[in-house]
Amino acid sequence: MQHIYFAEKLANTRQSMKLVCHTHSLVPSRKLAKREAVHIPLTGYECTMYSALSKNNRKLLRRAQQEEYQVFLYKEPSDENLRAFQHFYNDFAKRKKIEQITKSQMEAIALLNQKNALLLSEVRSVCGQTLCYRLDIVHAQKAMSYYVATCNALALPAQLNRPIRYANRFLLWHNLMYLKQQGYVLYDMGELTNVETIRQFKMSFGGQVVNVYSGYIAQSKMSALLLGVQKWRK
């Protein structure tokens, strides 16, 4: 199966591939699911990007600068790094009652890692407590938010109440500046949902709401038949 990320024009698909997976393509297609996402350009000045943040984000980031965070960027995460992330995320998913990262999803993450298409980041408190993880897909000078997880604030000691409040925003802003410095041109905040708090958060970092298209396109009759059966089962 061929994977195509963030296509801006019709992509050349390899004839040998019977199934093509598209992720957040900008090319409209009736064969793909249409969604909304927020795109943040990384080519402008840092001060311009900062001004585009919501007033609340700017206030929280100023407060975050007073915390002694430790940031870890894993450009080539090891299996141990990814297992630690999976364990942390699945604890988060249980609390939030959302889908956990399964074995098959970890296999997909490992495939991306083999292609150097992942950026795993972690922020810890001054005492070494992991507060937040972010996992991004990186490809062709573009990046996309893939998974995000924060620790259980109720399980933290009182002195970490402030750091956990700012951790996710701090790590996201840190990553945006890092990607900008590395020559990346765009950050995709991921699919916008109807959950108002999540939607507001993704839009609070500036950027533009765009339509994106994701899904599978069959290149053969047999693949089309199997894909139809899979959709019917869902």
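Laid out as a table, the results:
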read-out	value
Entirely in region 129-219, the strands (runs of 3 or more DSSP E) that have 3 or more residues that are over 24 Å from Cys21 (Cβ atoms) and either open to solvent by 60 Å² or more (accessible area, probe 1.4 Å) or at pLDDT below 95 (or both)	none
Those residues of region 100-116 which are under 23 Å from Arg169 (Cα atoms) and free of Cβ contacts under 8 Å to residues at least 24 places away in the same chain, in sequence order	Gln100
Residue in region 85-103 that is aromatic (Phe, Trp, Tyr) and either open to solvent by less than 10 Å² (accessible area, probe 1.4 Å) or over 28 Å from Ala158 (Cβ atoms) (or both) present	yes
Residue check, Leu111 surrounded by 19 or more Cβ atoms within 10 Å (Cβ to Cβ), at pLDDT below 95 and farther than 22 Å from Arg58 by Cβ	no
Per-region count, region 116-128, residues buried (at least 21 other Cβ atoms within 10 Å of the Cβ) and modelled with pLDDT under 95	1
Which numbered condition Glu191 fails, given (1) over 15 Å from the mean Cα position of the chain (by Cα); (2) among the charged types (D, E, K, R); (3) under 15 Å from His39 (Cα atoms)	(1)
Enumeration of residues in region 43-68 that are within 21 Å of the chain's Cα centre (by Cα) and among the aromatic types (Phe, Trp, Tyr)	Tyr50
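Per-residue answers, yes or no, for (1) of a type in the set (A, V, I, L, M); (2) part of a strand (DSSP E or B):
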site: Ser104; (1), (2): no, no
site: Glu107; (1), (2): no, no
site: Ala110; (1), (2): yes, no
site: Leu120; (1), (2): yes, yes
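The values are calculated or read from the model by the stated rules, or taken from the named source; none is laboratory data. Just so it is clear, the model here is predicted, and its values are computed rather than measured. Note: ideal-geometry Cβ built from the backbone for every residue, glycine included; neighbour counts use all protein chains shown. Accessible surface is based on the protein model in full, side chains and every heavy atom, while ligands, DNA and RNA are left aside. Shrake-Rupley method; radii C 1.70, N 1.55, O 1.52, S 1.80 Å.
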